[in-house]
Amino acid sequence: MSMIGATVPPPAKPPPPTPQNVQQRVKPEDAANHISVSDPVQHSEGVNKYTSYRVDVRPQGADLSQTQAFSAVLRRYSDFLWLFEKLQDERAGAIVPPLPEKKPTGRFNPQFIEDRRRSLERFLRRAAVHPELQDCSCLDTFLRADDVTFHAAKHSKNNVVLQQSTMMGSMTPGAPPQLMPKPKKEGFKRWFAETKTSISGDLVRSPDDELFEEIQRYVHGLDSQMKNVQTQASGLVRKGKEIANGLFEFGLAFNLLGQSEADALGDALGKVGETADRLSVLSAEHSDRESAEFEDPLVDIIKTIHSVKMALQKRHEKRLTYSTCLQSVESKQHSLAKLRAQIGMEAKAYGTEMSLRRAQDNAELAREDFAATSQRVLREVDRFKRETAEDMRRTVLEYIQMQVEYNKRMEEIWAALIPQLERVQLDGDANVVGGGGEVPAAAGPSPSNNASMMQSSQPAIHSQPMVPNPQQAMPPQMGSQIMYNNTQPPAPQDSGAFSMHYRN
């Protein structure tokens, strides 16, 4: 699956635009943008199904407009996992960048594949600029080795690692890769001895033990606090999505309410519904930004804290190995002293003496390895504190700027709705008398109608046309009242009042 010397691949897609008032964060891994992971392709081998990714390494600072030699290989997720584990073994005590976790279901969902591709690319770029990992041979093997060499390095029982000193520079054509076997482990005997030492608690002490105990307490406390913050951030993102859904339902309700009103008030209520729909879209986009720019960085910091714990665990393993070697030296010294005290055991004593020298050499190597790992952990923890503090500062700052921008936009959209509602006026009978537009005739009486009603209230004999049946010219209520009065005797009236009405 290797593709050495192929055509130059298309440039990577540009990152999504950021708001003008927020400067794009410059991350350390951006210096390794010559490494890219692209073109995920699904493969099927019998019942097994997996996704491969194309890993490209271009010359740094090269002009991509010209065809130049570069490396392009295909790697799957298990290959990235092999690299992650090899980096921990080859540079014990280093904080290896986090790798995206496995997912038993939904591995072939397009969105999941794209998210994993970005995470794998970030992992490689971080490893390429890592001060402790950038010169690891296993990283070189992963990025440039062909399929045969990489398969041999990955599946070798002796944990062979490809050694190509010219990988990043000039490579001699036709020169076969050199496989340098690492020293074999002692197997079960060594594991049993280290387990016995761990149970006994008889570990070697160093001047930095108190410092490392303080580091462990710091990392443990930071892990708990960051998980609490990440939980609250996830809750805010979830509530933001609920608000977006609530605004959508709110806008739908007002749209239906506006349709039930046929006047300017109905139009204004419809505007409220349209505004709520706009705010629903704005809130949904804001929730997505919160998840990508606030929640995800917090999750990444938590994963990095887990890598710090693994680095501390590696130091503990080196300390355990050194302590086991010291106990082995002490045991062999005691056995050699007993053999030398016995007559006729010179040959066996000589063999024990040779074994003692090997044990002393192993103890010295273990001491140097333990000391180097301890110093590497101290450097890594110091770098972790500085970078994490800067990441948290920028993450919180961008989150605050995001909230300010979002709330300003919300305020602008709501404020634009106020004048439209203020133009709608109601009279004393709750009838719409204004709304910034033409009011329908059914909304209320016009001045001409008021004048005609005043004229009709005065006695007019010739001004109105004659109607055959007077009851047809009356409202139904008045007609029914006359019919009722015709069936009942007239009420007694004051004669003076009657005469006055007659005279008028």
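Which of the residues spanning the stretch 370-385 are closer than 30 Å to residue 335 by Cα and modelled with pLDDT of 95 or more? Please lay out each step first, then the result.
From the stretch 370-385, those closer than 30 Å to residue 335 by Cα are 370-371; that's our starting set.
Scanning the stretch 370-385 gives no hits.
Against the definition (open to solvent by 80 Å² or more (accessible area, probe 1.4 Å), farther than 30 Å from residue 419 by Cα, of a type in the set (Ser, Thr, Tyr) and part of a helix (DSSP H, G or I)), how does residue 350 come out, yes or no?
Yes; evaluated as a whole, the condition is true for this residue.
Counting only residues that are within 18 Å of residue 308 (Cα to Cα) and either in contact with a strand residue (DSSP E or B) (Cβ under 9 Å, 6 or more places away or on another chain) or surrounded by 13 or more Cβ atoms within 10 Å (Cβ to Cβ) (or both), how many does the stretch 90-121 have?
11
Can you go through 282, 320 and tell me which one is in contact (Cβ under 8 Å) with a residue 40 or more places away in the chain, buried (at least 19 other Cβ atoms within 10 Å of the Cβ), hydrophobic (A, V, I, L, M, F, W, C) and in a helix (DSSP H, G or I)?
The conditions single out 320.
Quick check: is even one residue across the stretch 337-345 at pLDDT below 90, open to solvent by 80 Å² or more (accessible area, probe 1.4 Å) and in a helix (DSSP H, G or I)?
Looking for residues that are at pLDDT below 90, open to solvent by 80 Å² or more (accessible area, probe 1.4 Å) and in a helix (DSSP H, G or I), one finds at least one in the stretch 337-345, hence yes.
Listed here are the residues, each with its yes/no results for (1) at pLDDT below 85; (2) more than 30 Å from residue 370 (Cα to Cα).
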position: 22; (1), (2): yes, yes
position: 40; (1), (2): no, yes
position: 82; (1), (2): no, no
position: 89; (1), (2): no, no
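Filter the stretch 200-243 down to the residues that are under 27 Å from residue 294 (Cβ atoms), of a type in the set (S, T, N, Q) and free of Cβ contacts under 8 Å to residues at least 12 places away in the same chain and list them by number. Can you show your working first?
As a first pass, look at the stretch 200-243 and keep what is under 27 Å from residue 294 (Cβ atoms): 218-243.
Checking which are of a type in the set (S, T, N, Q) leaves us with 224-225, 228, 230-232, 234.
Passing the criteria: 224, 225, 228, 231, 232.
Would you point out which residue out of 242, 210, 186 is at pLDDT below 60 and either assigned to a helix (DSSP H, G or I) or over 22 Å from the mean Cα position of the chain (by Cα) (or both)?
186
Consider residue 76 against the criteria (1) within 27 Å of residue 296 (Cα to Cα); (2) crowded, with 20+ Cβ neighbours inside 10 Å: it satisfies all of them except one. Which criterion is unmet?
Just one mismatch for residue 76, condition (2).
In the stretch 376-389, how many are free of Cβ contacts under 8 Å to residues at least 24 places away in the same chain and surrounded by 13 or more Cβ atoms within 10 Å (Cβ to Cβ)?
1
Does any residue of the stretch 399-415 turn out to be within 30 Å of residue 88 (Cα to Cα) and of a type outside the set (Ser, Thr, Tyr)? Let's see the steps before the verdict.
Restricting attention to the stretch 399-415, the residues satisfying the condition of being within 30 Å of residue 88 (Cα to Cα) are none.
Looking through the stretch 399-415, none of the residues is within 30 Å of residue 88 (Cα to Cα) and of a type outside the set (Ser, Thr, Tyr).
Assess whether residue 118 counts as being in a helix (DSSP H, G or I) and not aliphatic (A, V, I, L, M).
So residue 118 fits the description; yes.
Tell me whether the stretch 134-150 contains one or more residues that are charged (D, E, K, R), open to solvent by 70 Å² or more (accessible area, probe 1.4 Å) and within 26 Å of the chain's Cα centre (by Cα).
There is no residue in the stretch 134-150 that is charged (D, E, K, R), open to solvent by 70 Å² or more (accessible area, probe 1.4 Å) and within 26 Å of the chain's Cα centre (by Cα).
For the stretch 222-267, enumerate the residues that are open to solvent by less than 30 Å² (accessible area, probe 1.4 Å) and within 28 Å of residue 308 (Cα to Cα).
Residues satisfying the conditions are 223, 226, 233, 234, 235, 237.
Does residue 299 meet the test of being buried (at least 20 other Cβ atoms within 10 Å of the Cβ) and aliphatic (A, V, I, L, M)?
Numbers: buried (at least 20 other Cβ atoms within 10 Å of the Cβ): no; aliphatic (A, V, I, L, M): yes.
So residue 299 does not fit the description; no.
The values are calculated or read from the model by the stated rules, or taken from the named source; none is laboratory data. Keep in mind that what you see is a predicted model, and the values were worked out from it rather than measured. Positions of Cβ are backbone-derived with ideal geometry, glycine not excepted, and every protein chain shown enters the neighbour counts. What goes into the accessible areas is simple: the full protein's heavy atoms, side chains included, and nothing from ligands, DNA or RNA. Shrake-Rupley method; radii C 1.70, N 1.55, O 1.52, S 1.80 Å.
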